[in-house]
1. Taking the condition of being among the acidic types (Asp, Glu) and not in a helix (DSSP H, G or I), how many residues in segment 182-209 meet it?
2. Restricted to segment 45-69, and to residues that are outside any loop (DSSP other than H, G, I, E, B) and within 11 Å of the ligand (Cβ to nearest atom), which residue is surrounded by the most Cβ atoms within 10 Å (Cβ to Cβ)?
3. Give me the pairs: first residue in segment 3-16 and in contact (Cβ under 8 Å) with a residue 12 or more places away in the chain, second residue of a type in the set (Asp, Glu), beta-carbon distance under 6 Å, and six or more apart or on different chains, which are they?
4. Going through segment 122-131 one residue at a time, which ones are in a loop (DSSP other than H, G, I, E, B) and either surrounded by 17 or more Cβ atoms within 10 Å (Cβ to Cβ) or in contact with a Gly (Cβ under 7 Å, 6 or more places away or on another chain) (or both)?
5. Against the definition (touching a residue at least 12 places away in the same chain (Cβ under 8 Å) and either within 12 Å of the ligand (Cβ to nearest atom) or touching a Pro at 6+ places or on another chain (Cβ under 8 Å) (or both)), how does Ala127 come out, yes or no?
6. Among the residues of segment 16-44, write down those that are more than 9 Å from the ligand (Cβ to nearest atom), surrounded by 14 or more Cβ atoms within 10 Å (Cβ to Cβ) and in a helix (DSSP H, G or I).
7. Would you confirm whether any residue within segment 70-92 is closer than 23 Å to Val183 by Cα, surrounded by 14 or more Cβ atoms within 10 Å (Cβ to Cβ) and within 10 Å of the ligand (Cβ to nearest atom)?
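Derivation of every value follows stated rules applied to the coordinates shown; laboratory data play no part. Bear in mind that the values here come from a model prediction, so they are computed numbers and not experimental data. Cβ atoms come from the backbone with ideal geometry, glycine included; neighbour counts cover every protein chain shown.
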Amino acid sequence: MRLFDFNRAPNPRRVRIFIAEKGLDIPRVSVNLYQKEQLSPEFLAINPGGTVPVLELDDGTCLSESLAICHYLEATHPEPALFGATPRQQALTLMWTGIVDNEGFLAVAEVLRNLSPGFRDHAVPGALACAQIPALVERGRRRSERFFDRVEQQLRHQSWLAGEHYSFADISLLVTTDFAGWVDIDPVSSRPSLRRWYERVASRPAARA
Ligand SMILES: N[C@@H](CCC(=O)N[C@@H](CS)C(=O)NCC(=O)O)C(=O)O
């Protein structure tokens, strides 16, 4: 088994944190996104979507999508449970993971990918050339603020994003909160519940992965 990874990218970081929380040791192969290695024919044969992370299993199966990768690792290494122990906890973990991905991560990515010169003609991941749309920068900022407001409401009355236990949803929110800093969005200063949650999650040893 090996993980195709890039140490600067947020989605691979989700998987690295998850692996660290599980206490696993999985060999890594770096795919340098700055040098567009994800668009090489060799890597597109591994993941036609041209994204990392990818977990290659011992039988050659290649799993892309952080959620699928971590779900597989949870099933093969159940302890500690990071997707919830009961059907209710599991559903809430998936629900909040979907909210973080769709409302939070993609909103921040909308800002970055339409703003940064590094993404010119590469405003969406993958091999399709795609021009930046400057108007999406402001829209992405508004969507991001709305997302962090929603999270602030949620964390006002519970310790962890998906309920009573630290989970993959918290890992996804940590990565998204740090990712927001890339485009000068400061989610925590004006949101006290998110800030308290952030201090607890960011200080876990796995967060350094
Ligand atoms: N939904 C995927 C997203 C993967 C993704 O977008 N990865 C980014 C790095 S964070 C990537 O590989 N981008 C390559 C590119 O922009 O060409 C996941 O959850 O893993």
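1. Kept after step one, since they are among the acidic types (Asp, Glu), are these residues of segment 182-209: 184, 186, 199.
Restricting the remaining residues to those that are not in a helix (DSSP H, G or I) gives 184, 186.
Residues flagged as among the acidic types (Asp, Glu) and not in a helix (DSSP H, G or I) within segment 182-209 amount to 2.
2. Among residues in segment 45-69 that are outside any loop (DSSP other than H, G, I, E, B) and within 11 Å of the ligand (Cβ to nearest atom), the one surrounded by the most Cβ atoms within 10 Å (Cβ to Cβ) is Ser66.
3. Between residues of segment 3-16 that are in contact (Cβ under 8 Å) with a residue 12 or more places away in the chain and residues that are of a type in the set (Asp, Glu), the close pairs are Pro12/Asp5.
4. Answer for segment 122-131, where residues must be in a loop (DSSP other than H, G, I, E, B) and either surrounded by 17 or more Cβ atoms within 10 Å (Cβ to Cβ) or in contact with a Gly (Cβ under 7 Å, 6 or more places away or on another chain) (or both): Ala123, Pro125, Gly126, Ala127.
5. yes
6. Arg16, Ile17, Phe18, Ile19, Ala20, Glu21, Lys22, Glu37, Phe43, Leu44
7. If we filter segment 70-92 for residues that are closer than 23 Å to Val183 by Cα, which is where we start, we get none.
Looking for residues that are closer than 23 Å to Val183 by Cα, surrounded by 14 or more Cβ atoms within 10 Å (Cβ to Cβ) and within 10 Å of the ligand (Cβ to nearest atom), one finds none in segment 70-92, hence no.
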